[in-house]
Amino acid sequence: MTSYLVPGRLGLMALSLLLVVVGGCASTKLEPYVPNPPQPLAAPIKLRVAVVELENQSPPREWLGMGSIIIPGVIYVNSQVQYTPTKFGACVASELQASKLFSKVTYFPTWSGESEPFQGYDVILSGSLNHDKRPDYETAWGFGFLATVPKLLMIPGNWEDREVSFELWAAKTQSPSHVIFLKKIEFKEPSKWHSIIGEAGCCISQGWHEGEGQVIRSPCPTELLQAPFLEVRQELFSAVQH
């Protein structure tokens, strides 16, 4: 997607740039997911839950219109779309552990394909990561190749969006083909500005490599996932009792 210079647009973009620069460096600390408080239950039910990391079904990275940014008059282009293999299963496991609804909750980072590791559990919860989509936009401020100068000065010239979609399912170990719980979760995060060096133009981001990791984001943002994860543990608790 390419946008061309229009009256008033450049002034708005310049104001946005000023606000970003004045704001200073963003924190490079990854905030962990904070589970909901425990459920008011006298004692957990005697059910053991194995949480297996979600199967990553993300498409490969897409390289888009990076070259057209050198054309004078072009304000921004969608340069690439990367798909991050975020481990949402680990966050779900922490939510179930904190709920105190089950006698045991164990997280398995991989699915071995064998049933032996799960013989000591009553329920298996897993799912699929459809995508953790992160489109990246490169800005030239309408000056084409001359935009290289402010970028070298670490002035934010790019921004990243984020769209997430994943599904969770659960089955009892004795009948793994019979799904007793199914839930789809989707969310979007606000855009974040960054430079060619790091987020907000002055913070060197962790794991930067060929465009990856330029923006520091929590893998499982608490403010967006607490409500759906509370529904997950309540609905799963109800499903396993039938």
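What about Lys192, is it touching a strand residue (DSSP E or B) at 6+ places or on another chain (Cβ under 8 Å), surrounded by fewer than 18 Cβ atoms within 10 Å (Cβ to Cβ) and either at pLDDT 85 or above or farther than 25 Å from Glu138 by Cα (or both)?
Details: touching a strand residue (DSSP E or B) at 6+ places or on another chain (Cβ under 8 Å): yes; surrounded by fewer than 18 Cβ atoms within 10 Å (Cβ to Cβ): no; either at pLDDT 85 or above or farther than 25 Å from Glu138 by Cα (or both): yes.
No.
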query: Say we look at the stretch 35-47 and pick out the residues that are surrounded by 14 or more Cβ atoms within 10 Å (Cβ to Cβ) and at pLDDT below 95; which of these is nearest to the chain's Cα centre (by Cα)?
result: Gln39
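With the structure loaded, tell me whether Ala140 is modelled with pLDDT under 65 and buried (at least 19 other Cβ atoms within 10 Å of the Cβ) or whether it fails that test.
Numbers: modelled with pLDDT under 65: no; buried (at least 19 other Cβ atoms within 10 Å of the Cβ): yes.
So Ala140 does not fit the description; no.
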task: Scan the stretch 85-105 for residues that are within 21 Å of the chain's Cα centre (by Cα), outside any helix (DSSP H, G or I) and among the hydroxyl-bearing types (Ser, Thr, Tyr) and report the count.
output: 1
message: Could you check the stretch 165-188 and list, in sequence order, the residues that are in contact with a helix residue (DSSP H, G or I) (Cβ under 8 Å, 6 or more places away or on another chain) and outside any strand (DSSP E or B)?
response: Thr173
query: Which is at pLDDT below 85 and not in a loop (DSSP other than H, G, I, E, B), of Ile124, Ile69?
result: Ile69
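In the stretch 164-184, which residues are of a type in the set (Gly, Ala, Ser) and in contact with a strand residue (DSSP E or B) (Cβ under 9 Å, 6 or more places away or on another chain)? Give the derivation first.
Initial filter on the stretch 164-184 (of a type in the set (Gly, Ala, Ser)): 165, 170-171, 175, 177.
Across the stretch 164-184, the qualifying residues are Ser165, Ala170, Ala171, Ser177.
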message: Tell me yes or no: at least one residue of the stretch 179-187 is surrounded by 16 or more Cβ atoms within 10 Å (Cβ to Cβ) and modelled with pLDDT under 85.
response: no
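The values are calculated or read from the model by the stated rules, or taken from the named source; none is laboratory data. Bear in mind the structure is a predicted one, so any value in this text is a computation, not a measurement. When we count neighbours, we look across all protein chains shown, and the Cβ atoms used for this are built from the backbone with ideal geometry, even at glycine.
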